[in-house]
Amino acid sequence: MSTTRPEGYWSGVFKRLKRDKLTLICSGILLLMLIVMIAAPLIAPHSPYQGSMIRRLKPIGFPGYPLGTDELGRDMIARLIYGGRLSWTLGISPVVIAFTIGGMLGIIAGYAGGWLGMLIMRVTDIFYAFPSVLLAVAISGALGAGIFNAVLALTLVFIPPIIRVAESVTTSVRVLDYVESARASGAGAFTIVRVHVLPNVLGPIFVYATNLISVSMILASGLSFLGLGTKPPEPEWGLMLNTLRTAIYNQPLIAMLPGVCIFITSICFNMVSDGLRSAMDVRN
Amino acid sequence: MIATIFRRALYSLPIALAVSLFCFLLVHIAPGDPINAILPPDAPADVVAQVKEAYGLDKPLPVQFGIWLFRVLHGDLGRSLATGRDIWPDLHSALANTLVLAAAAAMIGFPLGTMFGSIAGAFRGSWIDRAAVVLAVAGVSVPHYWLGMVMVVIFSVLLNWLPSMGASPDGSGVWALDWGHLSHIVLPAITLSVIPMGIVTRTLRGIVGDILNQDFITTLRGKGLRRGGLIAHVVKNAAPQALAVMGLQLGYLMGGSILVETVFAWPGTGLLLNNAIFQRDIPVLQATILVLSMFFVGLNLAVDLAQALLDPRMRR
């Protein structure tokens with residue numbers, strides 16, 4: 001016996017995603033990078049910390065070191081792989097935290113409205129008065145270098161835009177008929193938000209948040225590049241770019257490698273986010 | 001219109017006040033006693049007490065904020081810890097350099113972005129459109145500090161065409177309009193222009209595409225309006241929004257140039273900030289952030305007003 005069910009929203013999304021080759025390729029690249037980073041101890045041929053004065057700045061293709069060595073003689077492959085772990089963590093975690101906090105605040109502001117919504121949105125306005133790079137540099141510059149401070153600074157940078165998006169989608173859902181009828185049938189605010197609002201606003205907020213990952217990766221590595229994120233000898237792409245600046249005259253190709261990794265990651269996250277947006281049919 | 005100007009200006013005041021409060025608090029969120037931001041840690045105790053009183057650090061925070069704001073409004077941004085000099089003269093010349101760099105980057109990025117975006121929007125789905133989309137995504141995804149290094153490697157190290165460091169041949173940091181100075185600005189300006197180019201391309205593609213899909217365009221076409229006339233209509237409708245994006249991008253260029261300035265040792269606010277961070281010179285950090293963000297607030301206001309001026313629908 002077969003029953004025909006109307007096609008659900010998510011199966012439609014997946015169907016559209018499957019047809020979007022560029023998004024699939026980019027997700028594949030990201031997935032591959034993730035697997036390599038998780039399996040770093042198995043894959044990396046050398047320690048990312050073990051340097052050697054006689055092996056400094058060996059070229060790409062050097063026996064035993066296919067991508068050469070850095071300015072302290074450390075294996076580039078190992079450092080790029082382990083560096084990815086840190087760069088990804090630094091780039092993604094602020095967006096995840098900001099998605100949680102900003103999404104919550106935005107939904108509250110959008111659903112509750114009134115003085116509470118007003119308060120949240122006006123505080124958000126203040127943070128909009130700073131260019132994002134400047135805000136990140138200001139906070140982490142004042143707090144000092146360190147992974148925790150960098151993540152904190154970036155989280156504060158991304159909360160306001162997520163609040164704005166969450167607030168505007170929640171406001172548009174709040175006035176819809178089914179929310180109105182739920183309220184009329186006596187459902188409490190919490191139930192309405194959980195059952196009727198959340199499923200409809202999470203998608204757009206999520207898509208917007210994925211769009212921020214690319215910027216976050218660039219900014220996070222940028223902070224490390226400025227000496228504000230990770231500290232040496234920890235491998236991190238931005239920090240590696242900075243320390244390898246001394247090598248641009250001897251081994252320009254090697255000095256460029258960490259940047260290539262940041263670029264690839266950031267462009268893939270951007271593509272996947274764009275693909276998700278059109279597959280989920282979210283208006284920007 | 002005058003009422004609009006007045007209302008928008010009035011609305012920026014609390015924002016400006018809140019931004020200054022944030023900058024004021026920067027000294028206090030820095031780890032350790034804020035006195036460490038003014039005095040070296042090895043200062044004798046009586047000097048510490050003296051300076052605390054002079055700076056009003058013994059008073060409650062709101063009073064301190066009042067005193068600080070009063071000084072700032074009178075042009076006293078404090079002294080640098082590292083050099084002991086007044087911050088303003090150094091910040092002033094750094095601001096000028098950053099403005100020059102941002103303007104140069106804008107002059108490269110905005111016209112190119114406008115061109116690519118408009119063409120892509122007008123010919124949706126064509127290969128030009130796809131190329132513009134790729135270019136836009138690449139522009140916003142590229143770590144520009146890395147792009148700067150690539151530029152240095154290609155044009156300074158390998159080809160030896162352009163200088164890679166500083167703003168002038170004599171290293172003075174004073175700007176002039178001759179080839180020696182221009183050659184120094186080429187690489188950092190191109191590097192910095194990539195992000196606004198990508199964003200302007202993306203925005204204009206959307207705007208132009210949307211406008212061309214609207215009914216009045218179909219009507220105009222149906223009435224036999226030629227391409228030149230259509231373009232005039234599109235430009236008129238796209239201008240306010242395009243202007244807003246570019247205005248904000250100019251602000252992001254000013255505030256975001258820190259990474260590119262670091263790569264090219266450009267003697268602007270970014271380098272000033274970078275040095276301040278390295279030397280934990282919090283007063284310089286605070287003053288630079290304050291001036292840059294105030295510039296951004298002013299720019300936001302200017303964009304708002306320009307939009308209202310161009311588009312009567314915006315005069316709410």
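Rule-based calculations on the coordinates, nothing more; no lab input. Bear in mind the structure is a predicted one, so any value in this text is a computation, not a measurement. Cβ sites come from the backbone with ideal geometry, for glycine too, and all protein chains shown count toward neighbours.
With the alpha-carbon atoms of chain A aligned to their principal axes, the span from lowest to highest coordinate is 77, 59, 26 Å, starting with the largest. Global dimensions of segment B:186-255 from alpha-carbon coordinates: Rg and Dmax equal 15.4, 48 Å.
What's the angle, to the nearest 10 degrees (0 to 90), between helix A:76-112's Cα axis and the longest principal axis of chain A? Helix A:76-112 and the main axis of chain A meet at about 20 degrees. Using a basic spin-label model with each label point 7 Å from the Cα along Cα→Cβ, how many nm lie between residue A:13 and residue B:76? With each label placed 7 Å out from Cα toward Cβ, I get 5.8 nm. With angles folded into 0 to 90 degrees, how steeply does helix A:252-280 sit against the dominant principal axis of chain A? Use alpha carbons for both and round to 10. The answer is roughly 20 degrees.
Length, then width, then depth: along the principal axes, the Cα atoms of segment B:2-73 run 56, 21, 17 Å. Averaging Cα coordinates gives a centre for segment B:235-277 and one for segment B:289-310; these two points are 13 Å apart.
What the Kirkwood sum gives for segment B:36-138 is a hydrodynamic radius of 18.5 Å, with every pair of different alpha carbons counted.
Past the 42 angstrom mark, what percentage of all C-alpha to C-alpha distances in the protein assembly as shown do you count? Summing the P(r) tail past 42 Å for the protein assembly as shown gives 27 percent.
Per-residue extension of 0.36 nm, minus the Cα-Cα distance of residue B:214 and residue B:69, leaves a gain of 47.2 nm for this segment.
Averaged over the residues of A:137-150, the number of partner chain Cβ atoms lying within 10 Å of the residue Cβ comes to 5. All Cα-Cα distances of chain B, cut into 20 Å bins from zero to the largest, leave 27, 49, 22, 3, 0 percent in each bin in turn.
Taken as entire DSSP H runs, the helices of chain B that both span 30 Å or more between Cα atoms along their own long axis and average -0.5 or more on the Kyte-Doolittle scale are B:2-29, B:87-122, B:179-212, B:227-256, B:282-310. Take the alpha carbon gyration tensor of segment A:39-182, find the square roots of its eigenvalues, order them as a ≥ b ≥ c, and report rounded if a/c is under 1.5; if not, report prolate when a/b exceeds b/c, else oblate. It is prolate, given that a/c is not under 1.5 and a/b is the larger ratio. Residues in segment A:183-211, backbone N under 20 Å from the label point at residue A:116 (7 Å along the Cα-to-beta-carbon vector): list them, ranges by number please. The answer is A:183-202. Here r is the Cβ-Cβ distance between residue B:17 and residue A:89 and R0 is 45 Å; the resulting FRET efficiency, rounded to 0.05, is 0.80. For the protein assembly as shown, adding -39500 (n - 2.57) for each run of n ≥ 4 DSSP H residues and dividing by the number of residues yields -24000 deg cm²/dmol at 222 nm. Short to long, the 5 Å bins of the Cα pair-distance histogram for segment B:104-237 hold 2, 11, 15, 16, 14, 12, 9, 8, 6, 4, 3, 1, 0 percent of all pairs. Can you give the percent of C-alpha pairs in segment A:72-145 whose distance is more than 20 Å? Here the tail beyond 20 Å accounts for 54 percent of pairs. Using the Cβ-Cβ distance between residue A:253 and residue A:35 with R0 set to 30 Å, the FRET efficiency works out to roughly 0.75. Across peptide A:215-226, the average count of Cβ atoms from other chains found within 10 Å of a residue's Cβ is 4. For residue A:15, a cut-off of 14 angstrom between C-alpha atoms picks up these aspartates and glutamates, skipping any fewer than 8 places away in its own chain: A:7, A:281. The ellipsoid equivalent to the alpha-carbon distribution of segment A:138-220 has semi-axes of 35, 13, 9 angstrom, derived from the gyration tensor eigenvalues as √(5λ) and listed largest first. Every pair of different Cα atoms in segment B:109-166 enters the Kirkwood calculation, which places the hydrodynamic radius at 13.2 Å.
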